[in-house]
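As structure tokens, the structure follows; a few thoughts come after it.
The values are calculated or read from the model by the stated rules, or taken from the named source; none is laboratory data. As the structure is a computational prediction, the values presented were derived from the model and not from experiment. Every residue, glycine among them, receives a Cβ derived from its backbone with ideal geometry; neighbour counts consider all protein chains shown. We work out accessible area using only protein heavy atoms, side chains counted, and drop any ligands, DNA or RNA first. Shrake-Rupley method; radii C 1.70, N 1.55, O 1.52, S 1.80 Å.
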Amino acid sequence: MSFVLGLTGGTGSGKTTIANYLKTLGAEIIDADQVAREVVLPNTVGLRRLSQNFGTDILKVDGSLDRKKLGKMVFSDENKLTLLNQIMQPLILQNILEHLVQAKAAKLVVLDAPLLLEQHYQKYCDAVMVVQTSPQVQLKRIMARDHLTLNDAQKRIASQMAPDKRVELADVVIDSSKTVEETRKQVLKWLKISKIL
């Protein structure tokens, strides 16, 4: 029987670093961002619904989704962000549940999901790990990673759940504001205490 760990944190919190580390320890990773990309590939129901609701200019010449264009559109308009989630989340959840069934032979399954708590995926998990970092580090990371202006980066952070709310719902909180090595040590310590690995 698998232990399902829900892994979440704000954008730029260092969640991916932890997911990659858990993978090296033998965990099966279900990446909600990857699932979100799969459900909007060309010729999918997801992409058809998005273009019906947001217009065909969110499509690239080859018919695939222009994520940057859609991102700009939804992160500056709360109603559009809500609509995007209404279209995407049922499709993502269905796909995640299929992945959880397929992964049941693994000892540790990690559901890596930025919106884990907002979408109430914690009900499919045995524990929730929240990754936190300082606001300065978070801004710096996402500006570098996504080539965003300070203003766009702040908007993206503001569109997510408040960090203290996330911490309230966590079983374990990992501080990723220092070195990768220190972050990994915290994760390993928790896994050993919890007798998961």
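Size estimate for the chain follows the Kirkwood approach: the inverse of mean 1/r over distinct Cα pairs works out to 17.7 Å. Within the same chain, lysines fewer than 8 places from K123 are excluded, and of the rest, those with a Cα less than 18 Å from its Cα are K104, K165. Listed cross-link partners K107/K195; K23/K107; K140/K178; K23/K140; K15/K185 are compared with a 18 Å cut-off, the Cα-Cα value being larger for K23/K140. Taking only protein heavy atoms and a 1.4 Å probe, the accessible area of the chain is 54% carbon and sulfur. Summing charges over neighbours of L115, with a neighbour being any other residue whose Cβ is under 14 Å away from its Cβ, gives +1 when K and R count +1 and D and E count -1. Please give every one of the lysines within straight-line cross-link reach of K60, meaning a C-alpha to C-alpha distance under 17 Å, and leave out same-chain neighbours fewer than 8 residues apart. Candidates past the 8-residue exclusion: K68, K69, K72. Shape analysis of the range 41-141 yields a ratio of the Cα radius of gyration to the Kirkwood radius, Rg/Rh, of 1.02.
Before I look further, what does the range 86-184 give for accessible area per residue, probe 1.4 Å, in whole square angstrom? Dividing the accessible area of the range 86-184 by its residue count gives 55 Å². Over the residues of the chain, the helix contribution to mean residue ellipticity at 222 nm works out to -16000 deg cm²/dmol, using -39500 (n - 2.57) for each DSSP H run of at least 4. Within the chain, helices built from complete DSSP H runs that reach 24 Å or longer along their own axis (Cα positions) and carry a mean Kyte-Doolittle hydropathy of 0.0 or higher are 78-102. A cut-off under 10 angstrom between Cβ atoms defines the neighbours of I196, and their net charge, with Lys, Arg +1 and Asp, Glu -1, is +2.
Within the shell of other residues whose beta carbon sits under 11 angstrom from the beta carbon of M143, the net charge comes to +2, with Lys and Arg scored +1 and Asp and Glu -1.
In the chain the longest region clear of trypsin sites (Lys or Arg not before Pro) that are loop-assigned by DSSP and have at most 14 other C-beta atoms within 10 Å covers 108-177.
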